[in-house]
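Worksheet: one structure, shown below.
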Amino acid sequence: MTSESSNRPLVRVLCLPDVDSAIGGVKQLYRHVEHLLALGWDAAVLTEAEGFRPSWFASSAMTLSLQRSHELGELEQQRSILLLPETYLRVDLSAVRGLNLSSLARVVFNQNAYYSYGDFGPDTSQALQCFYDDPAVLQVLSISEDTHTFMARNLGLLDERLSRIINSIETIFSSEQPKSNRMHWMPRKNPQHVQAVIQGMQRAGLQNSMGWTGEPLQQLSHAQVAERLNGARLFLAFGHPEGFGLPIAEAMAAGCWVVGYSGGGGRELLRFGAAEEVPFGDWPGFVAAIQRSLDNFARAPRETALRLQRQALAVRALYSAEQERASIAAAWERIAERFQHWLASHPSQL
């Protein structure tokens, strides 16, 4: 460990409770820790049970139970920074599994701006003030242009308190694999919309649809999702709202034409040219956009393949692991500096 890293605070990521479901935001927390470790930080995901890890993706991130971290004396003001998801808006940090974490410096990792308010209620304004305006919040991380804009405009956060983190696309998503006329979608979000559009496709008798097959992506590991998308040509996006739209990015990296909802956060991805955004809830427009994509594959296959390849290359280059690590390095250097200033202003609590 270098002298620089030994002077840095510990980074402990609250990721409670232990849930073994395919939740993209959880995977990104683990990826964030992986990058911090590679950059020389002492970082770990805090879990409920010692040794817990989600089974649906592989990660080299260090994990530690909350209780064990407490027993090691890590959760002290001068030693650690807590990284919190935006879903902790109304969590009482003075009573987290019997521990008082309220005196620790914090960083909010907002992966979906549209979850920032939680469930609206009479205490929403006060909850936002306590969560985002506390001087102990050193920085707010956002994962898309849309979320960054939301943080600035809708939550009124100053630019100096915001850092944009690039979400990377893993290399298991590749556009170099043999393709077949197959389309995929993820049915977990907005299932009524999924059913309405699929039924519409079936009953509308879409032209150029002969030979095409479709299959939902569900109850699959991350690697299995990549395998399916790598061999497909069309992805239907039903996610809304979305902080970034990682399924869209992964489908593009796999060489799929994308039709559907941007969810807000995915809008920056849908400008690469081999995709069509559908306004949320426009089921007829969704079916019409699918028809246009089928026409593209049938009538201009070489040009369509070129557009898809160009899109895949652009997405993989802009949302690479190198870009993600660089954005994380820059953000946490700012956080480290703010941490020292914050400690200096709280001498009575050390």
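Taking segment 70-113 as the range and being over 16 Å from Cys130 (Cβ atoms), among the charged types (D, E, K, R) and in a helix (DSSP H, G or I) as the test, only Glu71 passes.
Only residues that are on the phi > 0 side of the Ramachandran plot and either touching a strand residue (DSSP E or B) at 6+ places or on another chain (Cβ under 6 Å) or part of a helix (DSSP H, G or I) (or both) were counted in segment 252-263, giving 2. As for segment 133-141, it holds at least one residue that is without any contact (Cβ under 8 Å) to a residue 12 or more places away in the chain, loosely packed, with under 15 Cβ neighbours inside 10 Å and either part of a helix (DSSP H, G or I) or of a type outside the set (A, V, I, L, M) (or both). Scanning segment 20-47 for residues that are modelled with pLDDT of 95 or more, surrounded by fewer than 16 Cβ atoms within 10 Å (Cβ to Cβ) and in a loop (DSSP other than H, G, I, E, B) yields a single hit, Gly40. The lone criterion from (1) touching a helix residue (DSSP H, G or I) at 6+ places or on another chain (Cβ under 9 Å); (2) surrounded by 16 or more Cβ atoms within 10 Å (Cβ to Cβ) left unmet by Gln67 is number (1). Taken over segment 10-19, the criterion of being at pLDDT 95 or above and open to solvent by 10 Å² or more (accessible area, probe 1.4 Å) is satisfied by Leu10 alone. Taking the criterion of being part of a strand (DSSP E or B) and open to solvent by less than 60 Å² (accessible area, probe 1.4 Å), the residues of segment 181-214 that qualify are Arg182, Met183, His184, Trp185, Gly214. Considering the conditions (1) out of contact with any strand residue (DSSP E or B) (no Cβ under 6 Å at 6 or more places or on another chain); (2) without any contact (Cβ under 8 Å) to a residue 24 or more places away in the chain; (3) of a type outside the set (Phe, Trp, Tyr), Thr63 is excluded by exactly one of them, (1).
For Arg292, the conditions (1) closer than 27 Å to Gln199 by Cβ; (2) touching a helix residue (DSSP H, G or I) at 6+ places or on another chain (Cβ under 9 Å) all hold with the exception of (2). The sole residue among Asp159, Asp146 that is surrounded by fewer than 19 Cβ atoms within 10 Å (Cβ to Cβ) and in contact with a helix residue (DSSP H, G or I) (Cβ under 9 Å, 6 or more places away or on another chain) is Asp159.
Answer yes or no: is there a residue in segment 167-180 that is in contact with a strand residue (DSSP E or B) (Cβ under 7 Å, 6 or more places away or on another chain) and hydrophobic (A, V, I, L, M, F, W, C). No, the conditions are met nowhere in segment 167-180. Of the residues in segment 50-63, how many are more than 20 Å from Ala249 (Cα to Cα), open to solvent by 50 Å² or more (accessible area, probe 1.4 Å) and not charged (D, E, K, R)? So the answer is 4.
Considering (1) over 24 Å from Gly266 (Cβ atoms); (2) at pLDDT 95 or above, the lone condition that Lys179 does not fulfil carries the number (1). When segment 162-178 is filtered for residues that are open to solvent by 20 Å² or more (accessible area, probe 1.4 Å) and in contact with an Asp or Glu (Cβ under 6 Å, 6 or more places away or on another chain), only Ile166 remains. Scanning segment 226-256 for residues that are crowded, with 22+ Cβ neighbours inside 10 Å and among the charged types (D, E, K, R) turns up Arg233, Glu242, Glu250. Answer yes or no as to whether Ala249 is among the hydrophobic types (A, V, I, L, M, F, W, C), closer than 21 Å to Ala314 by Cα and part of a helix (DSSP H, G or I). Yes: the conditions hold for Ala249.
Yes/no per residue for (1) out of contact with any Phe, Trp or Tyr (no Cβ under 6 Å at 6 or more places or on another chain); (2) at pLDDT 95 or above; (3) acidic (Asp, Glu):
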| position | (1), (2), (3) |
| --- | --- |
| Gln207 | yes, no, no |
| Trp212 | yes, yes, no |
| Val225 | yes, yes, no |
| Leu229 | yes, yes, no |
| Ala232 | yes, yes, no |
| Leu236 | no, yes, no |
| Pro241 | no, no, no |
| Glu250 | no, yes, yes |
| Gly255 | yes, yes, no |
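The values are calculated or read from the model by the stated rules, or taken from the named source; none is laboratory data. For clarity, every value in this text was computed on a predicted model and none was experimentally measured. When we count neighbours, we look across all protein chains shown, and the Cβ atoms used for this are built from the backbone with ideal geometry, even at glycine. Quick note on the areas: whole protein, heavy atoms, side chains included, nothing else; ligands and nucleic acids left out. Shrake-Rupley method; radii C 1.70, N 1.55, O 1.52, S 1.80 Å.
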